[in-house]
Amino acid sequence: MITLTPIPAFNDNYFWCLDNGRDAIVVDPGDHAPVTVYLQQRGLQLSAVLVTHHHADHVGGLPELCAAWPELVVYGPAFESIAHVTQSLAEQDSFELSELACQLAVYEVPGHTRGHIAYVGRINSPLRIMTAAGTELMRFESAPPVLFCGDTLFGAGCGRLFEGTPAQMWRSLQHLAALPDETLVCCAHEYTLSNLRFAVYVDAANSSLHVRQKRDQQLRDDGLPTLPSTIGVERATNPFLRADQPALQEFARGLSQHDAGMEEPIATFAVLRQLKNEFR
Ligand SMILES: [Zn+2]
């Protein structure tokens with residue numbers, strides 16, 4: 001049995017942890033302290049770290065973790081300069097974490113940052129998803145694919161375009177949206193409720209969205225994460241994956257930011273991303 005856990009950190013980050021009861025890997029540890037506490041509480045040893053991009057809230061824990069675990073393998077993007085990365089990865093690279101029965105494939109997903117990568121894990125084992133406090137959220141006899149997407153795809157949202165263009169981000173998101181519907185989406189932030197408020201504003205007639213908003217509000221009221229989501233849920237409700245839908249294109253064309261000279265669906269995606277930056 002492999003366990004997948006979002007370790008909460010800072011205000012709204014999750015450092016995702018995979019473990020087999022003895023060995024663990026952590027994704028995007030922006031701070032060493034919550035990781036160290038979690039590992040110590042469960043008697044786990046850290047064997048690898050996966051990094052998606054260079055922002056401090058994703059890599060800030062690396063110096064202390066590397067000092068504490070001298071054998072640590074740190075995977076990260078080839079096209080970003082990140083201290084402590086030992087294995088640089090690019091599109092179509094793959095590798096195995098044999099202790100976790102996990103094969104990982106690397107996707108380049110530029111947009112939030114220039115060199116951002118995502119990891120798609122195929123786990124050949126039963127899988128359970130637990131909160132760090134010990135509540136079981138889900139259990140699978142046969143694990144679906146697991147996507148670690150950093151700050152590219154969020155629950156009902158996507159990352160800001162700090163270093164990339166709308167066209168790059170749209171293509172990156174479409175790359176992820178082509179994964180199987182059951183793929184578990186492990187995002188680096190708990191932004192879902194705020195993203196859903198925006199999604200309902202731009203895609204009001206989407207009934208799946210209202211169902212999701214009610215369910216995710218209940219999860220947060222119960223002190224539980226809204227994640228992982230699935231690719232199927234995101235395709236049905238995430239406006240940033242739906243800029244190819246007539247309802248969203250019509251909405252975007254009604255706004256002054258819409259650039260009629262830009263090709264669809266990138267024009268609609270660009271409007272939605274800009275509008276979200278200003279949305280309160
Ligand atoms: Zn970031």
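FYI, it's all coordinate maths here, none of it is from the lab. Only a predicted model underlies this, so the values are computations on that prediction, with no experimental measurement involved. Note: ideal-geometry Cβ built from the backbone for every residue, glycine included; neighbour counts use all protein chains shown.
Label-to-label distance, Asp12 versus Leu224, with points set 7 angstrom from Cα along the beta-carbon direction: 2.1 nm.
Inter-label distance, Arg171 to Gln257: 2.2 nm, where each label sits 7 Å from its Cα along the C-beta direction. One chain, two ends: His84 and Met1. Fully extended at 0.36 nm per residue, the span grows by 26.9 nm beyond their Cα-Cα distance.
Of all DSSP-defined beta bridges confined to the chain, some 65% are antiparallel rather than parallel. Computed extension length for Gln41-Ala56: 2.9 nm, one decimal, from 0.36 nm per residue of separation with the Cα-Cα distance subtracted.
What does the charge add up to near Pro145, with Lys and Arg as +1, Asp and Glu as -1, over the other residues with Cβ less than 13 Å from its Cβ? Write out the running numbers ahead of the final one.
Numbers: positive: Arg122; negative: Asp181, Glu182.
Net of charged neighbours comes to -1.
Order 205-215, 164-174 from most to least packed using the mean count of other Cβ atoms within 10 Å.
Numbers: 205-215: 14.6, 164-174: 19.9.
In decreasing order of mean packing, 205-215, 164-174 become 164-174, 205-215.
Need one word for region 180-280: rounded, prolate or oblate. Basis is the Cα gyration tensor (sqrt eigenvalues a ≥ b ≥ c); a/c below 1.5 gives rounded, then a/b vs b/c decides.
Working: a/c = 2.11, a/b = 1.78, b/c = 1.19.
Taking the square roots of the gyration eigenvalues as a ≥ b ≥ c, region 180-280 is prolate.
Here region 52-154 is treated as a Stokes sphere of Kirkwood radius computed over C-alpha pairs; at 4 °C and 1.567 mPa s its diffusion coefficient rounds to 86 µm²/s.
Using a simple charge model, +1 on the beta-carbon of Lys and Arg, -1 on the beta-carbon of Asp and Glu, nothing else, what dipole does the chain show about its Cα centre, in debye to the nearest 20? Don't jump to the answer; show the numbers that get you there.
On the way: 19 positive and 32 negative charges, 127 e Å.
Charge dipole of the chain: 620 debye, to the nearest 20.
A full extension of the chain between Ala205 and Ser125 corresponds to an added length of 24.8 nm, given 0.36 nm per residue minus the alpha carbon distance. Normalised by the number of residues in the chain, the mean separation of alpha-carbon contacts (under 8 Å, six or more apart) gives a relative contact order of 14 percent. Applying the criteria of a DSSP loop state and at most 16 other Cβ atoms within 10 Å to the GluC sites (Glu not before Pro) of region 66-103 yields Glu71, Glu91.
Working from label points 7 Å from Cα in the Cα-to-Cβ sense, the Leu193 to Gln92 distance is 4.5 nm. Suppose we look only past 33 Å in the calculated P(r) of the chain. What percent of the Cα-Cα pairs does that tail hold? Counting every Cα pair in the chain, those more than 33 Å apart make up 19 percent.
The local environment of His53, defined by Cβ-Cβ distances under 13 Å, has a net charge of -4 under the rule Lys, Arg +1 and Asp, Glu -1.
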